[in-house]
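Reading through the C-alpha cells given below for one structure.
The values are calculated or read from the model by the stated rules, or taken from the named source; none is laboratory data. Fair warning: this is a prediction, and the values are worked out from it, not measured in the lab. Glycine gets a Cβ as well: all are built from the backbone with ideal geometry, and neighbour counts include every protein chain shown. Ligands, DNA and RNA are excluded from the accessible area calculation, which covers all protein heavy atoms including side chains. Shrake-Rupley method; radii C 1.70, N 1.55, O 1.52, S 1.80 Å.
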Amino acid sequence: MVSAMHTKQLLDKPLKIQSTEDLGKLVRAFRTSQNLTQADILGLANTGNRFIVELENGKPTVQLQKVLDVLDVLGLEIVVQKKGRA
C-alpha cells in the first residue's frame with residue numbers, strides 16, 4: 001500500500017493508518033522519498049537506531065512520544081478525527 005507511493009501521492013490526501021505496520025510503512029516510504037537515511041532521522045529526532053528500525057517494522061509497542069518526534073522531523077503530523085470521515 002504505502003511503500004509503492006511517491007512523495008506527491010503521500011501528501012495528496014490524508015491516509016488512514018489502521019495498524020503499526022501501516023505507520024511503519026508510511027514512515028519508511030516518506031523517509032526514503034526524501035533521500036533520508038535512518039541515521040539522519042535518529043540524529044534529528046534524538047532517538048536510537050533500534051527505535052527507528054522497530055517503528056519502520058511496525059512494532060506495536062513503540063513509544064508514542066518518540067513516534068511523534070520522528071513524524072515532526074519528517075514534517076508529518078497525526079490528525080485525529082471521528083471514524084468514517086477519511
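Using the structure shown, decide if K59 is more than 16 Å from D22 (Cα to Cα) and among the charged types (D, E, K, R). If you could, list the steps in order and put the result at the bottom.
On the way: more than 16 Å from D22 (Cα to Cα): no; among the charged types (D, E, K, R): yes.
Considered against the rule, which asks whether it is more than 16 Å from D22 (Cα to Cα) and among the charged types (D, E, K, R), K59 comes out as no.
Would you check if N46 is surrounded by 10 or more Cβ atoms within 10 Å (Cβ to Cβ), at pLDDT below 95 and at positive phi? Yes; evaluated as a whole, the condition is true for this residue. Do we find a residue being touching a helix residue (DSSP H, G or I) at 6+ places or on another chain (Cβ under 9 Å) and modelled with pLDDT of 90 or more anywhere in the range 10-20? The answer is yes; a qualifying residue exists. Determine if the range 30-43 includes at least one residue that is open to solvent by 50 Å² or more (accessible area, probe 1.4 Å), more than 15 Å from V79 (Cβ to Cβ), of a type in the set (K, R) and at pLDDT 90 or above. No: the range 30-43 contains no residue that is open to solvent by 50 Å² or more (accessible area, probe 1.4 Å), more than 15 Å from V79 (Cβ to Cβ), of a type in the set (K, R) and at pLDDT 90 or above. The set of residues in the range 11-45 that are small (G, A, S) and not in a helix (DSSP H, G or I) contains only S19. When the range 56-69 is filtered for residues that are more than 11 Å from L26 (Cβ to Cβ) and in contact with a helix residue (DSSP H, G or I) (Cβ under 6 Å, 6 or more places away or on another chain), the ones remaining, listed by number, are N57, P60, V62, K66, D69. Scanning the range 46-77 for residues that are touching a residue at least 12 places away in the same chain (Cβ under 8 Å) and assigned to a loop (DSSP other than H, G, I, E, B) yields N46, T47, N57, G58, K59, P60, V62, Q63, L76.
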